[in-house]
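**Student:** Dropping a structure here in structure tokens format, bear with me for questions.
Rule-based calculations on the coordinates, nothing more; no lab input. Here the structure is a predicted model, which means the values were calculated and not measured. Heads up, the Cβs are rebuilt from the backbone with ideal geometry, glycines too, and the neighbour counts pull from every protein chain shown.
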């Protein structure tokens, strides 16, 4: 059997490795336009920050290691077309510009996502970067060393991680975000707290501009020197990072007649199969199902990509395994502040028609007499009619993600608020209060529901 995989960062590399374990004699090929395969793009902000110096540590598996295992890697090869009837793909060698037809028995699309680039005048200037590939990370770090003033466009996960990286290196940062607060994926009552913390814990190096967008870059000898916004603000800068979100790469799939979902990403069933036989898709290019609401969503996360790559390989190799969906669980940090969420936010739940009830409380994460005790602020959201928990958000210098992970487990089984009260959570002074913040939040929420 010949298995062709398009894309090789997270989902594609995982699919190839799993397929080779299942079918050792299979002829497996990865085609990627990147110069590397199987690397951690999620680690780029920490490399830029200087948490480690050698970018090679981000490479999960080298081309040589894949080849030694019998998986053939074709870097700097762009798949330009899928021909489902002929069961072929058209591949262009980026260096020679030559094209060839390649046959497949099973095809796995793992084309991932690409940074969204806003319409900004003079967007092609030098020292304007996005964050996706290893080369992007290396180039940003090299430019940062020579820069003092940096502008970030966008206020999502990567933007926050990059603020931390730049502040660690004593750089001045201006972040421009069109939403009222950064991290708009959270509810505003939580994202406002996050923004306040960042501004108060950045040594005066960070300025955040909300409800505005960048309209123009100002240049000097084709190198960026300034930024202008729609509302007339201007900033000097030595470099710009565009972190305004990403979009699924679906063009070749759409051209081949593969269905896209409501979110604009590739539509697959629970076995990662598209509407065309023998063509599977996984990772950031694929639409998912939210396990709480049952609705289609597009949430590009590395953890999900790895899970989907594994499932796609199992089913492409003749096995049977389903991927039930996601909760959008995520975690990041800004210095000492841990930021985490799972399930639906209150604004998302209301948009879907839920009658929500929520509670926000702040409590110590350990016994008050322990020297390492810190605060955690937890938001718990439930449906008024069914009392089902819909989601949770937590921030704090304490163990915020531990509480969110507990909720995440409960969401997969339709947990109700009352169920949390009976959860037998671990307790010892260095780890928790005797009544954990999660149980305290559930008690208050139950009272509000009743």
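**Student:** Quick one: pull the percentage of alpha-carbon pairs in region 80-191 with a separation above 23 Å.
**Tutor:** For region 80-191, the share of Cα pairs beyond 23 Å comes to 51 percent.
**Student:** What is the Cα centroid distance between region 419-441 and region 251-268, reported in whole angstrom?
**Tutor:** Going from one Cα centre to the other spans 44 Å.
**Student:** Something else now. Output the peptides 281-293, 250-262, 328-340 sorted from most to least packed, where packing is the average of other Cβ atoms within 10 Å over each peptide's residues.
**Tutor:** 281-293, 328-340, 250-262
**Student:** Report the antiparallel proportion of the DSSP beta bridges in region 1-149 as a percent, rounded to a multiple of 5.
**Tutor:** Beta bridges within region 1-149, antiparallel portion: roughly 50 percent.
**Student:** Let me ask you something else. Who wins for biggest fluctuation among 276, 73, 85 in a Gaussian network model of the chain, springs between alpha carbons below 10 Å?
**Tutor:** Greatest mean-square fluctuation among the candidates belongs to 85.
**Student:** Give me the percent of DSSP beta bridges within the chain that run antiparallel, rounded to the nearest 5.
**Tutor:** 60 percent
**Student:** Something else about it: Report, in deg cm²/dmol and to the nearest 500, the calculated mean residue ellipticity at 222 nm for the chain, where each DSSP H run with n ≥ 4 adds -39500 (n - 2.57) and the sum is divided by the residue count.
**Tutor:** The helix-only estimate for the chain comes to -7500 deg cm²/dmol at 222 nm.
**Student:** Right, something else. So, in Å, what gap is there between the alpha-carbon centers of region 125-163 and region 331-408?
**Tutor:** Answer, in whole Å: 30.
**Student:** Between the alpha-carbon centers of region 277-298 and region 32-80, tell me the distance in whole angstrom.
**Tutor:** If we compute the Cα centre of each part, the gap is 25 Å.
**Student:** If every alpha-carbon in region 231-354 counts as one equal scatterer, what log10 I(q)/I(0) does Debye give at q = 0.12, 0.15 1/Å?
**Tutor:** The Debye formula, applied to the Cα set alone, gives -0.57, -0.80.
**Student:** Work out how far the C-alpha atoms of the chain reach from end to end along every principal axis, then list the three figures in whole Å, largest first.
**Tutor:** 65, 58, 40
**Student:** Expressed in nm to one decimal, what extension gain is obtained for the pair residue 100 and residue 450 from 0.36 nm per residue of sequence separation less their Cα-Cα distance?
**Tutor:** So the chain would gain 119.4 nm between residue 100 and residue 450.
**Student:** Now, a different point. What ranking do 432, 202, 215 get, fewest neighbouring Cβ atoms within 10 angstrom at the top?
**Tutor:** 215, 202, 432
**Student:** Could you work out Rg/(2.2 N^0.38 Å) for region 1-103, with Rg from alpha carbons only?
**Tutor:** 1.17
**Student:** What shape does region 330-449 have by the C-alpha gyration tensor, where a ≥ b ≥ c are the square roots of the eigenvalues, rounded means a/c under 1.5, and otherwise prolate means a/b greater than b/c and oblate the rest?
**Tutor:** Prolate shape, in that a/c is at least 1.5 and a/b is the bigger ratio.
**Student:** Taking only Cα atoms and a 10 Å spring cutoff, compute GNM fluctuations for the chain and point out the largest among 216, 100, 236.
**Tutor:** 100
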